[in-house]
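One structure below.
The values are calculated or read from the model by the stated rules, or taken from the named source; none is laboratory data. This structure is a prediction, so every number in the text was calculated from the model and none was measured. Glycine gets a Cβ as well: all are built from the backbone with ideal geometry, and neighbour counts include every protein chain shown. The protein model used for the area step is the full one, side chains on, heavy atoms only, and it has no ligands, DNA or RNA in it. Shrake-Rupley method; radii C 1.70, N 1.55, O 1.52, S 1.80 Å.
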Amino acid sequence: VNMKYEDMKKSKAGGAGKEFAQFVKVGYNRARQVTGEKLGTVQRTDYDREFQDLCNRVDKHSFWASMLTSKVELVLQPNPAYRFEDFVNEKIGNEREIRHTYTEQLGICMLNAGSDMSSSDYGQALLIMGDYENRIGESEHKMIKNAYIKFVKPFMEAAAKEGAINSERRTLTALRLDLDAAKNRVRNAKTAEEMKDLEGFVDEAQKKFDEQYEITREMLEDRDVKNAEMVVHVEDLAKVQVEYFKAAHELAVEMEKKVLDRPTKGKDMRKRKSSGSSSSDEE
């Protein structure tokens, strides 16, 4: 029994050793191929023009989608600390925290100041403005929520799915290096027998490359179609902003009218003058 156990251990160790040796050999051949391509001393397989254009379109969309998403998030939440907090919450599966917008903070400050000075015309004006600033802030909240749901989130979800595509593209690159390394070894063969033996590796590498090429191409084509469909989210963002600015403008116009036509306008000053005149007459 002990002898069989020892034989099994040796067999496993030998198998692991062979796998490691093969891993090192493949890595060396790939590194050698990459170096040769950079120096221009070896030949390489170029992807067809259609495939290259497809890769370029997907890459451009990925780059600009990331840039646009970050800029929209900057508009929705200018505070970098809050943006980071939202990012962490999303990663751990929590919802984004609902915070007062800067417009709402201004409205709250005006309401507090107006309440503290409510007996004056100045205080009454602040109370009116504070109420409307809060209402504009509520519209802003709605805009932020809708812009995130209809623009930012779809682009973030699409970006998350690109990891699988990038993984397949890296695999394709590795198999392309294996194929070219095998071809270059055939070219450098010194005898017909050696060339014949190496051609078997080329056939195997070519088969793996072709299979991976089709898998990658199909994934890229699917992503390319979905990227084109993302334009609907650009349209949604435009609609969200129009709705917000329209509501904000209407509230701002109404706010100005209410502030200018407030019932207490100028009354406090007249009371003070009247009170001062009465005191002078009594003296």
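Inter-label distance, Arg262 to Asn89: 3.4 nm, where each label sits 7 Å from its Cα along the C-beta direction.
Across region 26-41, rounded Karplus estimates of 3J(HN,Hα) from the backbone phi angles (6.51 cos²θ - 1.76 cosθ + 1.60, θ = phi - 60°) give 4, x, 5, 4, 5, 4, 5, 5, 4, 4, x, 5, 5, 7, x, 9 Hz, Gly and Pro being marked x.
Taking 0.36 nm per residue of sequence separation and removing the Cα-Cα distance, the Ile98/Met117 pair yields an extension gain of 3.8 nm.
His141 sits with roughly 50 Å² accessible to a 1.4 Å probe, with DNA, RNA and ligands left out of the calculation.
For the listed residue pairs Lys38/Lys190; Lys246/Lys267; Lys150/Lys258, the alpha carbons are over 27 angstrom apart in Lys246/Lys267; Lys150/Lys258. Please label the shape of region 195-259 as rounded, prolate or oblate, based on the square roots a ≥ b ≥ c of the eigenvalues of the alpha-carbon gyration tensor (a/c under 1.5 means rounded; beyond that, a/b larger than b/c means prolate, else oblate). Prolate shape, in that a/c is at least 1.5 and a/b is the bigger ratio.
Cross-link partners for Lys207 among the aspartates and glutamates, with Cα-Cα distance under 12 Å and sequence neighbours closer than 8 places in the same chain left out: Asp178. 3J(HN,Hα) along region 151-165: 10, 4, 4, x, 6, 5, 5, 5, 5, 5, 7, 6, x, 5, 5 Hz, from the Karplus curve 6.51 cos²θ - 1.76 cosθ + 1.60 with θ = phi - 60°, whole Hz, x for Gly and Pro. In the complete set of protein chains, residue-level accessible area for Val75 is approximately 110 Å², probe 1.4 angstrom.
Shape call for region 132-277 from the C-alpha gyration tensor, a ≥ b ≥ c root eigenvalues: rounded (a/c under 1.5), prolate (a/b greater than b/c) or oblate? Please list the in-between numbers first.
Values: a/c = 8.63, a/b = 5.15, b/c = 1.68.
Since a/c reaches 1.5 and a/b is larger than b/c, the shape of region 132-277 is classed as prolate.
Return one number: the angle in degrees, 0 to 90 and rounded to the nearest 10, between the long axis of the Cα atoms of helix 231-260 and the longest principal axis of the Cα atoms of the chain. Between helix and principal axis, roughly 10 degrees. Accessible-area rank, largest first, for Ile128, Ile136: Ile128, Ile136, with all protein chains present and a 1.4 angstrom probe. Take the Cα of Glu199, go 7 Å toward its beta carbon, and the backbone nitrogen atoms of region 161-189 under 17 Å from that spot belong to 182-189.
Got a number for the accessible area of Arg83? Probe 1.4 Å, square angstrom, nearest 10. Surface open to solvent at Arg83 totals about 80 Å². Derived scalar couplings between HN and Hα for region 184-197 equal 5, 5, 5, 4, 8, 5, 9, 10, 5, 5, 5, 5, 5, 5 Hz in order, rounded to whole Hz, by the Karplus curve 6.51 cos²θ - 1.76 cosθ + 1.60 (θ = phi - 60°), x for Gly and Pro.
Once Rh for the chain is found with the Kirkwood sum over Cα pairs, what is the Stokes-Einstein diffusion coefficient at 25 °C and 0.890 mPa s, in µm²/s? The calculation lands on 94 µm²/s.
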